[in-house]
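This report refers to the structure that appears directly beneath it.
The values are calculated or read from the model by the stated rules, or taken from the named source; none is laboratory data. Being a predicted model, the structure only gives us computed values, none of them experimental. Cβ placement follows ideal geometry from the backbone for every residue including glycine, while neighbour counts extend to all protein chains displayed.
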Amino acid sequence: MTASAFRPLSGYSEPMGIVKYMGKRLLTLIPVLLGITIVAFLLGTGAPGDPVEAILNRDGTQIVSPEEYEIVKERLGLNDPIPIQYIKWLRNAMTGELGQSFFTNKDIREQMAYRLPYTVRLALLGLGMTVVFGIGAGMVMAIYKDRWPDRILRTITTVMLSVPGFWIAILMILIFVEQLKWLPTSGLNGWKSYIMPGITVSVSTIGVCARLTRTSVLDELGRQYVTVASAKGMNARLVAIRHVLPNALIPITTFLGNYFAGILGGSTIAEVIFNIPGIGNYAIDAVKSRDYFVVQAYVLFTAMVYVVMTILIDLIYLAVNPKIRAGERVE
Amino acid sequence: MGKEIKVCEFGVTFHTAHGPVSAVRDVNTVFREGEVTGLIGESGSGKSVLGMAILQLLPANARIEGSCLYGDTELTALSEKEMEQIRGNEIALIPQNPVESLNPVLRIGRQLTEAMTIHAPGKKAEAKQRYQDLMSRLGFSRPELVSRQYSFQLSGGMNQRMIAVLGLMNRPVWMIADEPTKGLDAILRRQVYEVLQEITMRDTRNMILITHDVALARKLSQKILVLYQGEILEQGTVADVLDHPAHPYTRGLIGSLPKNGMKPIGQPLKGREDITGGCVFYLRCPQATKRCRQEHPRESGLENGRKVRCFLYE
């Protein structure tokens, strides 16, 4: 931070700071968005396999006549040069028209709208668990630094961030489903069905988040304003919650935002293992059958989620960090 | 009831990975009511640690030894909860590093209000009135506006006055000012002096002034304690200690002031190896004898309540 020695009182210009900051942020997103659509489109067209062949000759035993081939190719718009295909696709995508699946002939937008709530529910559960257990454990570790609660949690979080989610998933199925018979294996039967998938998507993130919170809180606890808050006669818990946490949360916000965007598009493993009909499961099916309009739509969707989350993180930053609001330079 | 602060065989030890480190030892003194006591010494002499030890605001690895009586209350025997009632309310702090002392993500008004509402929940309006009055007194022309700002939007001098406002919120009986002029230029030092003088004249005369700034201590204090390496080497009235220093260290310190020709205190003298158990000033003392090396001097009482920790005055 570069604090100029004297700042005129009239320099109280929070709204201007916000507008400038968000304006800059939004401008940088334009090339990002364009780049994403190009990559998403090329991933589809560039992928190996001929979609026309795949549609007409699903099991590989049919003989396709050149006339039939041409008709389907024309219908899919694959005779146009690639840039034209891209512009058509982009125009459709911008109006929300993502096309139809080659195989099921179902509208992709409708399919995604149907599947999205499952993924969102899972992602929210993962985020909630990370916030509660990750930040909670991190605070406890920082407050009890080097004493037994810290040592135990440090070991547990190290284990958590080192084991892969699918391994935890299989272990949980063995214990809670096979042995104890407490939880349903797969499919959706009420809230109980979300417990194991929720743990699967959040276990390593909880570990990372707890570590991050611990470091961040310890950094802040050494700062002078903490001593001053205690000198007012405030008890340690209140100092931690009111003074330390708002500062410590600034770096954690970014981490949580990226994580949330990540599981919105990437809870695939949990969705497949526990057979949840979410976006990730849809994408896996599409990849398996080279249903490339669906793959394109999926890539576009996850990328958009990242972009939207980036904007959201920036907005949250504005709320938690007054320095940005005031247009102050931040290190 | 008398509310003087009396410390007896008071000390602070830090338990570090390299073993215990004694920061303050064997301090015996009375901070009398109606008096500003200046705690002077170079950096690392333990003066801030001593001040923060009275408030028990030290890092977790610090242990406090001895006794610290506040009126009839033994502070070292209080629970953390009871100590919270003392802090800010009875004994307040004007911390060092004003810019670092305010929370950068909370508005100033909230931090000031909180100082009062912690002790008296529900007194939000009174707190607001109080900080606006105090701000006006300390030269803020638009208290309402400033209270909605953040510390990083204020200048160094404004932050300095702001933490004085913070310390005064609850009309404390005692005020501990920790290095109020550290790192400030001449103009701000003058401002700090005026603020502290205003406080001693209108708010409370009971003040412990921790400073390396001998000129500031002379202007504000009635009594002076000289610290060196965690021990009080000399204590007495301002006139006695600063004008007629008795201890060789105090003499060196006064002689090193700019107006006295800036004569440095010597580096460790040749042939004097590092010893433990003797006088803390033995290594650099121009008048040291063999005895100073082996024996630890006790405080000798002189006239006028003055005490000197040196064999020259036994």
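Looking at this structure, is B:E114 under 19 Å from B:G51 (Cα atoms), assigned to a helix (DSSP H, G or I) and facing chain A (nearest Cβ under 7 Å)?
Working: under 19 Å from B:G51 (Cα atoms): no; assigned to a helix (DSSP H, G or I): yes; facing chain A (nearest Cβ under 7 Å): yes.
Against the criterion (under 19 Å from B:G51 (Cα atoms), assigned to a helix (DSSP H, G or I) and facing chain A (nearest Cβ under 7 Å)), B:E114 does not qualify.
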Residue that is out of contact with any Phe, Trp or Tyr (no Cβ under 6 Å at 6 or more places or on another chain) and within 9 Å of another protein chain (Cβ to nearest Cβ), where the choices are B:L166, B:L138: B:L166
Within the range A:86-129, tally of residues that are β-branched (V, I, T) and within 24 Å of A:L76 (Cα to Cα): 4
Looking only at the range B:280-298, count every residue that is in contact (Cβ under 8 Å) with a residue 24 or more places away in the chain, surrounded by fewer than 19 Cβ atoms within 10 Å (Cβ to Cβ) and in contact with a Cys (Cβ under 9 Å, 6 or more places away or on another chain) and tell me the total. 1
Considering B:R218, B:R251, B:R291, B:R272, which residue is touching a helix residue (DSSP H, G or I) at 6+ places or on another chain (Cβ under 8 Å), of a type in the set (D, E, K, R) and assigned by TED's automatic domain parsing to the domain that holds B:V49? B:R218
Evaluation of A:T130 against (1) out of contact with any helix residue (DSSP H, G or I) (no Cβ under 7 Å at 6 or more places or on another chain); (2) more than 14 Å from every other protein chain (Cβ to nearest Cβ); (3) over 18 Å from A:V272 (Cα atoms) (one fails), failing number: (1)
Testing A:L249 on (1) in a helix (DSSP H, G or I); (2) more than 14 Å from chain B (Cβ to nearest Cβ); (3) not small (G, A, S), one condition comes back false. Which one is that? (2)
Residues of the range A:253-290 classified as surrounded by fewer than 22 Cβ atoms within 10 Å (Cβ to Cβ) and either farther than 21 Å from A:V208 by Cα or within 14 Å of another protein chain (Cβ to nearest Cβ) (or both), total: 12
Across the range B:225-279, which residue is farthest from B:I40 (Cα to Cα) among those that are small (G, A, S) and free of Cβ contacts under 8 Å to residues at least 12 places away in the same chain? B:G271
Which numbered condition A:M234 misses (of (1) more than 10 Å from chain B (Cβ to nearest Cβ); (2) touching a Gly at 6+ places or on another chain (Cβ under 9 Å); (3) of a type in the set (A, V, I, L, M, F, W, C)): (1)
Return yes when B:E126 is out of contact with any Pro (no Cβ under 8 Å at 6 or more places or on another chain), over 17 Å from A:M234 (Cα atoms), within 12 Å of another protein chain (Cβ to nearest Cβ) and among the acidic types (D, E) and no when it is not. no
Residues that are of a type in the set (V, I, T) and within 30 Å of A:A248 (Cα to Cα): which helices (runs of 4 or more DSSP H) entirely in the range A:99-174 hold 3 or more of them? A:148-162
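For A:I241, indicate whether it is within 14 Å of chain B (Cβ to nearest Cβ), surrounded by fewer than 17 Cβ atoms within 10 Å (Cβ to Cβ) and part of a helix (DSSP H, G or I).
Judged against the criteria, A:I241 is a match.
Quick one: is A:M141 surrounded by 15 or more Cβ atoms within 10 Å (Cβ to Cβ), among the hydrophobic types (A, V, I, L, M, F, W, C) and touching a residue at least 40 places away in the same chain (Cβ under 8 Å)?
Numbers: surrounded by 15 or more Cβ atoms within 10 Å (Cβ to Cβ): yes; among the hydrophobic types (A, V, I, L, M, F, W, C): yes; touching a residue at least 40 places away in the same chain (Cβ under 8 Å): yes.
Here the answer is yes, as A:M141 does meet what is asked.
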The lone exception for B:M158 - which of (1) assigned to a helix (DSSP H, G or I); (2) farther than 20 Å from B:Q197 by Cα; (3) not polar (S, T, N, Q) it fails: (2)
